[in-house]
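Before any comments, here is the structure.
Only the coordinates and a few stated rules stand behind these numbers; no lab work does. Since this is a predicted model, take the numbers as computed values, not measurements. Heads up, the Cβs are rebuilt from the backbone with ideal geometry, glycines too, and the neighbour counts pull from every protein chain shown.
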Amino acid sequence: MRLGIFHPSFETVGGAELLVAAQAQHFRAQGAAPEIVTLGFDEARWGARLAGIPIHTVKKRHWTDPLYGWSRLAKLRRRGIRASQALKSYDLVIAHNFPSSAMLGAAPIRARKIWQCNEPPRGIHMREANPALAARLAITGGEGPEEATRAFAKVLANHDQSMRRDSSVHARYTYDLEVIRNLDVIYAISEFSRDNARSIYGRCRDEVIYPIVRFPEGGRNRAGLERSVRRVLVHSRLEVLKNIDTVIRGFAAFQSASPVPCELHVVGAGPFLNRLETLAGSLCPAGSIRFHGYLPDEELRRVYEACDVFALLTLDEPFGMVYPEAAAKGLLMVGPDHGGPMEILDGGRLGWVVDAFSPEALAEALEQIWSLDDAEVDRRREAADRACRARYGVETVGPQLMGLLSEA
């Protein structure tokens, strides 16, 4: 059986791409001989991670494309036609992120078509794919303090206006619904993504197949909490939907009531950096919030080892690889009360789940953590690590993935 894995691009290193790479390498290790089809590939970033797996790159642009129109839908159709030529020789194709899902649905090929729904396209199905943000907007009218709600209010208003007329947005919306009907199987990487997919497309397989998490071996042998300095970690791309401004506000409230010094370490890069730095400077003493940017592995390990708590209140997140990775490194976790992170935290059994729009709730959770005695801290971190390894390790997820191939 010839197996193709179809993902839009391997040009940056993100969670979705790492998920695809882990899946492809697992298939290869099991003798399935996968091949990757993509519209962009950076050899320097991805050559080593995808070693041994054939890569087929589809041209994003062709000089004839303008002859068929300038709209985003026209571009999608033309790229889809070129992609279908690359996919026609496979017996089974697994698509990952949009627009590969739509292009696979539209492709006139003989292969069995499967979509691993990491998340439905959030820019097309605005309310259904962003339910927490939509609910928050209905309450606040876009006037909440968090940047994400205000940004979502503007984007949604433009989206609704475009949908009310015969527009490119409406055409893409209709096209996505039509071509997804041609897929043989849709399965999701979390219950949250499954429920969102069902609300949009009317179907998604009951069984969730979580991402493979490559858990680190060794690391710091933690015991108890550091109590002379309270250190909290955020590790994420710095963009609006990650909601790091709410974490900063919550940390500021926690710090102001703390009897000892506190530090917030922010690891990651992204377009929201300058605004986060400005917010941090306005709320907290200089040096108490440290922006590290992107860190190579060894420096990243040292920052993780220095911190005791991982806090991230990302919005409408389909999974969140950083949470089980943090658990494996011995950090206690605070996450949002919805989405994939809440599933990882098992509704609060493996960490603290709080209202993602409430800085006060985060501050209270951090205070609760440092009120625990060391024995309880160790019990909780060991339970979270053990549960995440059992649920997301290759020994559990791998057989589910291989089951997809046996169905073809």
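In Å, the Kirkwood hydrodynamic radius of region 146-228 over pairs of distinct alpha carbons?
Computed over Cα pairs of region 146-228, the Kirkwood hydrodynamic radius comes out at 17.2 Å.
For the chain, what is the calculated [θ] at 222 nm in deg cm²/dmol (nearest 500), taking -39500 (n - 2.57) for each run of four or more DSSP H residues and dividing by its residue count?
-14000 deg cm²/dmol
Using only Cα atoms, what Kirkwood radius does region 1-131 have, in angstroms?
Taking every pair of different Cα atoms in region 1-131, averaging 1/r and inverting gives 15.3 Å.
In Å, what Kirkwood hydrodynamic radius results for region 120-258 from the alpha-carbon pair distances?
So the Kirkwood estimate lands at 18.6 Å.
Sequence gap at least 6, Cα distance under 8 Å: using those rules, report the relative contact order of region 230-391 to the nearest whole percent.
Reported as a whole number, the value is 25 percent.
Assuming 0.36 nm per residue, please report the length gained on full extension of the stretch Ala151 to Ile139 beyond their Cα-Cα distance.
2.8 nm
Over the Cα atoms of region 190-234, compute the convex hull volume and normalise it per residue, giving Å³.
Taking only Cα atoms, region 190-234 has a hull volume of 154 Å³ per residue.
How compact and how long is the chain, expressed as Rg and Dmax of its alpha-carbon atoms in Å?
Reported Rg and Dmax, both Å: 22.0, 69.
Given contacts defined as C-alpha pairs under 8 Å and at least six residues apart, what's the relative contact order of region 94-176, whole-number percent?
The normalised contact order for region 94-176 reaches 21 percent.
For region 305-408, run through the trypsin sites (Lys or Arg not before Pro) and keep only the ones in DSSP coil with at most 16 other Cβ atoms within 10 Å of their Cβ.
Of the trypsin sites (Lys or Arg not before Pro), the ones in loops of region 305-408 whose Cβ has at most 16 other Cβ atoms within 10 Å are Arg349.
What longest region of the chain stays clear of GluC sites (Glu not before Pro) that DSSP places outside H, G, I, E and B and that have at most 11 other Cβ atoms within 10 Å?
For GluC sites (Glu not before Pro) (loop position, at most 11 other Cβ atoms within 10 Å), the longest site-free span of the chain is 218-408.
Mind listing the Cα extents of region 230-391 along all three principal axes, in Å, largest one first?
40, 34, 32
Within the chain, what is the longest stretch that has no chymotrypsin sites (Phe, Trp or Tyr not before Pro) placed in a DSSP loop and near at most 10 other beta-carbon atoms within 10 Å?
Longest stretch, sites excluded: 71-408.
Can you list the lysines whose alpha carbon sits under 28 Å from that of Lys329, skipping same-chain ones fewer than 8 residues off?
The qualifying lysines are Lys242.
Starting from the Cα of Lys59, draw a straight line to each of the lysines and keep only those under 18 Å, dropping any in the same chain fewer than 8 residues away.
Once the sequence-local lysines are set aside, what remains near Lys59 is Lys75, Lys88.
Run the dipole for the chain about the Cα centre, Lys and Arg Cβ at +1, Asp and Glu Cβ at -1, nothing else charged, and hand back the magnitude in debye, nearest 20.
1760 debye
For the chain, what relative contact order do you get, as a whole percent, if you take Cα pairs closer than 8 Å and at least 6 residues apart?
14 percent
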